[in-house]
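The values are calculated or read from the model by the stated rules, or taken from the named source; none is laboratory data. For clarity, every value in this text was computed on a predicted model and none was experimentally measured. Here Cβ is always computed from backbone atoms with ideal geometry, including for glycine, and neighbour counts include all displayed protein chains. To get the accessible areas, we keep the full protein, side chains included, count just its heavy atoms, and leave off ligands, DNA and RNA. Shrake-Rupley method; radii C 1.70, N 1.55, O 1.52, S 1.80 Å.
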Amino acid sequence: MRSLGQALMVPERDLLEAILRNVVGFDLNPLAVLTARVNYLLAIADLLEYRRGEIGIPVYLTDSVRTPAEGEDLYTRGAYVFSTAVGKFLVPAAVATPERFDRFCDLLERAVRSGLDAGTFEQQVTKTLGPAASEWSTQADGYLRHYTRVWWISISVA
């Protein structure tokens, strides 16, 4: 990739950021996602020394047919509704932005793995993503219970 940047006369840091912003993948198969993430990482390996901090590999485990939709009723307004195998999962619009969603999912996965209670999880999200993310605080316990079920189903399928 570095040679591409040199040929285009683009600084390596800018090239890395452009790739991470514009080259995105998704699949329904967990093994395909894992393989694609490894290949993505190998493709940008020579640019990693130019990163400005932590990066996320934008390859996601998702169903392209079941896309999230912004809620319209009293309960779901201001949130995106993700349909999953175990039910609906609400993610507040304040969290469902490209800049915040990956961080939110990372925090959620860590909370599930370590058995955090809803209050501690809420504090971590508010600290990491800011006060605007706290609008979902009344649902924090539901997120943890629901995500735990989704996570275990994903593990058992993989």
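The table for this structure:
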{"read-out": "So LEU31, is it closer than 18 Å to SER64 by Cβ, part of a helix (DSSP H, G or I) and within 19 Å of the chain's Cα centre (by Cα)", "value": "yes"}
{"read-out": "Single residue of the stretch 15-39 satisfying the filter (touching a strand residue (DSSP E or B) at 6+ places or on another chain (Cβ under 6 Å) and either without any contact (Cβ under 8 Å) to a residue 24 or more places away in the chain or closer than 20 Å to THR97 by Cα (or both)) that is least open to solvent (accessible area, probe 1.4 Å)", "value": "GLY25"}
{"read-out": "Residue in the stretch 94-110 that is in contact (Cβ under 8 Å) with a residue 24 or more places away in the chain, outside any loop (DSSP other than H, G, I, E, B) and open to solvent by less than 40 Å² (accessible area, probe 1.4 Å) present", "value": "yes"}
{"read-out": "Options ASP46, ASP73, ASP63; residue that is assigned to a loop (DSSP other than H, G, I, E, B) and farther than 21 Å from CYS105 by Cβ", "value": "ASP73"}
{"read-out": "Residue check, GLY56 small (Gly, Ala, Ser), in contact with a helix residue (DSSP H, G or I) (Cβ under 8 Å, 6 or more places away or on another chain), in a loop (DSSP other than H, G, I, E, B) and at pLDDT 75 or above", "value": "yes"}
{"read-out": "Residue in the stretch 99-117 that is under 28 Å from MET1 (Cα atoms), modelled with pLDDT of 75 or more and among the polar types (S, T, N, Q) present", "value": "no"}
